[in-house]
1. Angle check, please: helix A:129-139 long axis (alpha carbons) against the longest principal axis of chain A (alpha carbons), in degrees 0 to 90, nearest 10.
2. List the residues, sorted by chain then number, that are 5 or more residues from B:His45 or on another chain and whose placed amide H is less than 5 Å from its amide H.
3. If you place +1 on the Cβ of every Lys and Arg, -1 on the Cβ of every Asp and Glu, and leave all else neutral, what size is the dipole of the protein assembly as shown about its Cα centre, to the nearest 20 Debye?
4. Select from the stretch B:1-70 those trypsin sites (Lys or Arg not before Pro) which occupy a DSSP coil region and have at most 16 other Cβ atoms within 10 Å, ordered by residue number.
5. Suppose R0 equals 25 Å. What FRET efficiency, 1/(1 + (r/R0)^6) with r the Cβ-Cβ distance, do B:Ala344 and B:Arg577 give to the nearest 0.05?
6. Compute the distance from the alpha-carbon center of the stretch A:25-42 to that of the stretch B:50-101, in whole Å.
7. Buried by at least 50 Å² relative to the chain on its own: which residues of the stretch B:290-325 qualify, computing accessible area with a 1.4 Å probe on protein heavy atoms?
8. Give me the one-decimal nm value for the distance between modelled label points at B:Arg497 and A:Ala100, 7 Å along each residue's Cα-to-Cβ direction.
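The values are calculated or read from the model by the stated rules, or taken from the named source; none is laboratory data. Since the model is a prediction, treat every value here as computed from it, not as a measurement. As a convention, Cβ positions derive from the backbone with ideal geometry for all residues, glycine included, and neighbour counts pool all protein chains shown. Heavy atoms of the whole protein, side chains included, go into the accessibility calculation; ligands, DNA and RNA do not. Shrake-Rupley method; radii C 1.70, N 1.55, O 1.52, S 1.80 Å.
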Amino acid sequence: MKRIISILLENESGALSRVVGLFSQRGYNIDTLTVAPTDDDTLSRLTLTTQGDDQMAEQIVKQLHKLIDTIKVVDLTVGSHIERELMLVKIKAADHDIRAELKSCVDIFRGAIVDVTPHSYTVQLAGDSEKLDAFIEAVCEIGIMEVVRSGVSGISRGDKFLRV
Amino acid sequence: MELLSGGDILIRALKDAGVKDVWGYPGGAALHIYDALYRQDDVFHILVRHEQAAVHAADGFSRATGEVGTALVTSGPGATNAITGIATAYMDSIPMVVISGQVPLTKIGQDAFQETDMVGVSRPIVKHSFLVTRAEDIAETIAKAYYIASTGRPGPVVVDIPKDVTDPSYKVPYHWPAETTMRSYQPTDKGHRGQIKRAVKTLIKAKRPVIYTGGGIVIDNAAPHLIALAQKLNFPVTNTLMGLGGYPGTDRQYLGMLGMHGTYEANTAMHHADVIFAVGARFDDRVTNDLEKFCPHATIIHIDVDPTTVSKNIEAHIPIVGTCTSVLTEMLTIADQLDIESDAEALGEWWQQIDQWRADKGIYTQPRYEPSEGTLIKPQDVIKMLYKITNGEAIVTSDVGQHQMFAAQYYLFDEPRMWINSGGLGTMGFGLPAAMGCKRAFPEKDVACVTGEGSIQMCIQELSTCTQHNLPVKIINLNNAALGMVRQWQDMNYSSRYSESVYEDSLPDFVKLAEAYGHVGMKVTHIDELEEKMRECFAMQDRTVFMDICVDRSEHVYPMQMPGGSMRDLWLNKTERT
Ligand SMILES: Cc1ncc(C[n+]2csc(CCOP(=O)(O)OP(=O)(O)O)c2C)c(N)n1
Ligand SMILES: [Mg+2]
């Protein structure tokens, strides 16, 4: 099962490498990883996704928590949550019909065309990972030149929040 | 306010952290620090002969005293030489601070001379690490390092200090923090009260209980609490290799060590238990054997200070996260309050059964190895002699191999912190430097290093440190002229094809070697001279003595769990199995 794990981390040198190192050291996979400072610049917020059953997820959360630099760790998948990922895709678009088809596809997925050349469109799309996968599926026949995904960011629904 | 250089700040901070001894080895990136050491008298430095030994010695000191050990090394090769020692301490949760010099900040990343990314290299084997980038941060970092190393589940902390941070010409005010708190690190102390109550009730109802304890009891100084609870309940107790001495080895309720080379009675009792009470132990693979077949009838209560340990290998029915001392204390109080009697009749039957196992196949009721033939010395008999001559009161360090298991089986430790060995990593070379650390901590006690001719050669250079710093340890070398434990596996699994486990005629003359370092060397080949020679050895209180004892090389360590079996599936000797 896919797990989205959120971590509040001290914004210290080496902190991120400890998180990443933990995964390789213990044989867990990281599917996606995003990290950036928060409104409090002493903190980084990190979201990572991995696969695992309940027991494994519990071990991962406990192991992450054990790292000295982690302040809070939650498995967002345990409760209801919002998941977003940003994707930029460069797609071959030289011919008029294809341009039209792409344009409507982008509209259906509520994306935006953010760069245009005579040969290509660059599309921006945000949503959960399944939606991004579906878009790729939809346009892959047309000819994808490049895909960049940000990795998942997540936040819990409701009034609960992750803060120091 | 007084202004100090980074080097002076470091030494002052060590003093304020309560450090008396630093084990180390100098080099370019650490020279400002060594100069600061030279100009003061508060912190004493012990020069070893290899950085691995500095870390093992600090580790031995820590295991014997419970205090945080301290090692100091230079950058590059100094730092990488320390790695085996750090990994050893990490696996056994030993509180330790390792300070490494680093190339100047201005050179980091340039492949400078003797540059190694110490924080990176040590990352998987430390509890935490710091790279200090300003002289102003040294004192606070040292305070944090000692705090982290010694609290929660203890472990080694690396503090990497670039050379320009200790520059003698740059001086800043010294400030030692009165208190260390960290928002990201708040170790649990007390366990969940409801869970503790459930645990007590489960224990009281148990019919075939076993208390299984590990290094956590020793580390947390929880032995008195364990003894009180075990004796109040009249439950049998078994210790892991790391937990020996956590419960008195000569007590009637003690079943001996459990696990791969554990006793028949301990392993069999575990297998049949209806309640297993694990305290400060981690269900290591050297204990459990095949997890699928592990203790099929047992309700598992597990206390550990580290949440990741609980339910990692074996699912605990009643998990309790907290220190052994605090949880056991609370359990005792609750047991006193609850007006429930334990099942005396069931326990009586259980004890009868256990005593039967002991009588039938225990290693303490009668020798289970072939008695010595002619003049040949059995390794087990050497340990029994050591026990006799030191009245069971020596601090015993060991290396890794058959000798280690014989020592663990036959020297009965009545107190914690007397058995000092590398359990988790199994580091050959640990014994002698660890013994130095113990001797430094307890100069008045006998310190014996039980070793093999293989292991001792991995840190033999420390005989020179013993000379320089007057550390009169006793080296008990069970010389079977082979990497005995490797040979045993080759006997059992590879039709006695002794691939690279023998040295032909290349072993040194250990007597001459000891003498070359200024020590006393003794060779013992005849069973009849063992007692006298060993008495002579321990009578020389202020001398380091190397006893090279030729033992029967065909001897195997038994019992031994059968791979893929349950706890009770054991080889009892070369031909007999359960
Ligand atoms: C540093 C290191 N290298 C290799 C091993 C693997 N190993 C375990 S026991 C052993 C043999 C030890 O020989 P010796 O010290 O003579 O002890 P004996 O088993 O003969 O008593 C070896 C090679 C180890 N534990 N540590
Ligand atoms: Mg040997």
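1. Rounded to the nearest ten degrees, it is 20.
2. B:Val22
3. I would put it at about 740 debye.
4. B:Lys20, B:Arg39
5. After rounding to 0.05, the efficiency reads 0.10.
6. Between the Cα centres of the stretch A:25-42 and the stretch B:50-101 lies a distance of 30 Å.
7. Those are B:Thr308, which lose 50 Å² or more relative to the chain on its own.
8. 7.4
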